1. Residues in segment 582-594: is at least one part of a helix (DSSP H, G or I), under 20 Å from the mean Cα position of the chain (by Cα), surrounded by fewer than 23 Cβ atoms within 10 Å (Cβ to Cβ) and at pLDDT 95 or above?
2. How many residues does segment 144-160 hold that are out of contact with any strand residue (DSSP E or B) (no Cβ under 8 Å at 6 or more places or on another chain) and surrounded by fewer than 24 Cβ atoms within 10 Å (Cβ to Cβ)?
3. Output the helices (runs of 4 or more DSSP H) that fall wholly within segment 494-574 and possess 1 or more residues being surrounded by fewer than 18 Cβ atoms within 10 Å (Cβ to Cβ) and at pLDDT 95 or above, or say none.
4. Given the options 64, 79, name the one that is over 25 Å from residue 597 (Cα atoms), surrounded by 15 or more Cβ atoms within 10 Å (Cβ to Cβ) and at pLDDT below 95.
5. If you check 236, 190, which single one turns out to be surrounded by 13 or more Cβ atoms within 10 Å (Cβ to Cβ) and more than 34 Å from the chain's Cα centre (by Cα)?
6. Are any residues in segment 11-55 surrounded by 15 or more Cβ atoms within 10 Å (Cβ to Cβ) and not in a helix (DSSP H, G or I), and if so, which ones?
7. Check segment 297-311 and report whether any residue there is at pLDDT 95 or above, farther than 28 Å from residue 369 by Cβ, part of a helix (DSSP H, G or I) and over 36 Å from the mean Cα position of the chain (by Cα).
8. Hey, residue 281 hits all of (1) outside any helix (DSSP H, G or I); (2) more than 23 Å from the chain's Cα centre (by Cα) but one; which does it fall short on?
């Protein structure tokens, strides 16, 4: 039953009959809470055709609808706004038909194949809070798209090769003394430990050299980079240059010295040896990556997320190189005198982009070109969604333009789901300094916070220790997931663990508690109400909750269209609040009128069903008792 569509058709018919006119689209809005009505139609665009003032035009249309539309009970006019009240039996009929339909909000298959790529970790460090937003967002978007009829493949592209991986490998080789996960540290944390050790060693090796260079002394640097350093220092020391330009020159001096230090040169050589297939380097790489994968698996399972397909950049970068050779022949790319390969994207408002280094090694874009090709070969995708932070916006603009230039049939279906970074009250996280918040540590903190809050509220009676631990884990995860997903993906966010667990606020635990409260009511309700008819006359709070339940398919559609789990979060909050008004204002279990009692219990059951689906779409597991 599509109330809005039926009403739009009736309005369109009324416009033809009254004014011999039509609108390209008949738009309806939810009536403002300050006025009586369910839907509002704005008549200002019709005044030229009606040749009457707004109030008269709205009244004429309202009278026509009241006579011809069975679903319209009454109407009222506020200036040029026609507020339409839907016949109450419509809501009763809707409840009776759909209250026990688990597929109510689901859409039929679209036939479109979609891949959602998320997580995409590096194998040189553990998953952290930034990864968590990525993972939760990607998983939820995939589940939402599945619910709206897409054939979805969840993919994880592992960044398992490159200079950053070699940093952890080289540090372990130099300073590890044979340390392994068997010594007591989780595998991904072990790799991350040596990544930080490498960066500390690099800082120690270059700190004084950088300090001298920033004052114009290049004697401690490689002779090959001294001309470039002198050029950058000239920018830095010129008082006429703006501070932004000086800061950019300062950063480039630092990076140039870092990249040409003995330690980084050794790291670059390790990467070259890896690409050349050196067996010792490959053995170390496979061993350390194996430790990391075992660690990742533990964290993924705890987060409750999964993947249908795994891609590894070590398998895709060579395909990217082949495509670049193809593009060179076709004139898409060009080779510079030093042997490096580039593409000129200035016509698209971008820049010249490096796609192969002068020594023939690949860069990130090389791997992404190869992976995009492989995805399409594997699945024939209509759409490929990349869940990646907004610091990579430019990278994906370049990638998508490259694929268009190469004439790939899947280029137009490539989409970057760009999201804002996550900050903590303590500030921004930095991997190099080892100041990131590890996902495992955060999950432990969420569990502990859930335990503390639950015990404080006295919600642990009658539960044994194992059941309590399961409850604390689910509550902690629900708080984390809901708090992160309720923010529009495009926005940067501040995550505070203690604020996310609140049984009365706009939180995951509040939604979970509402669901558990309904389950308690239904357990006490006994039998018989399921087959009883519903009441024809509804209380205002009952009608409000039914309107919210009715809106779920549209909310789900919009969430899939916008790739925004935040819409599902807001819907779950609105529905939970609407039902809690019924719970506080009306009797459910002790209502003596059988039809009214059945109505309220069916609304409760319908609400629980929709809350459960909403939570599951967000990756939250419901609890039956709290």
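1. Going through segment 582-594, the residues part of a helix (DSSP H, G or I) turn out to be 582-585, 594.
Going one step further and asking which of them are under 20 Å from the mean Cα position of the chain (by Cα), we end up with none.
Taking every residue of segment 582-594 in turn, none turns out to be part of a helix (DSSP H, G or I), under 20 Å from the mean Cα position of the chain (by Cα), surrounded by fewer than 23 Cβ atoms within 10 Å (Cβ to Cβ) and at pLDDT 95 or above.
2. Start the filter on segment 144-160 by keeping residues that are out of contact with any strand residue (DSSP E or B) (no Cβ under 8 Å at 6 or more places or on another chain), which leaves 144, 147-149.
From what is left, the residues that are surrounded by fewer than 24 Cβ atoms within 10 Å (Cβ to Cβ) are 147-149.
Of the residues in segment 144-160, 3 are out of contact with any strand residue (DSSP E or B) (no Cβ under 8 Å at 6 or more places or on another chain) and surrounded by fewer than 24 Cβ atoms within 10 Å (Cβ to Cβ).
3. On the way: elements: 497-500, 508-525, 540-550, 552-562.
Answer list for segment 494-574: 508-525, 552-562.
4. Checking each option against the conditions leaves just 64.
5. Details: 190 fails: more than 34 Å from the chain's Cα centre (by Cα).
Exactly one of 236, 190 is surrounded by 13 or more Cβ atoms within 10 Å (Cβ to Cβ) and more than 34 Å from the chain's Cα centre (by Cα), namely 236.
6. Result: 26, 28, 31, 37, 38, 39, 40, 41, 42, 43, 52.
7. There is no residue in segment 297-311 that is at pLDDT 95 or above, farther than 28 Å from residue 369 by Cβ, part of a helix (DSSP H, G or I) and over 36 Å from the mean Cα position of the chain (by Cα).
8. (1)
The values are calculated or read from the model by the stated rules, or taken from the named source; none is laboratory data. Note that this is a predicted model, so its numbers are computed, not measured. Reconstructed Cβ throughout: ideal geometry from the backbone, glycine too, with neighbour counts over all protein chains shown.
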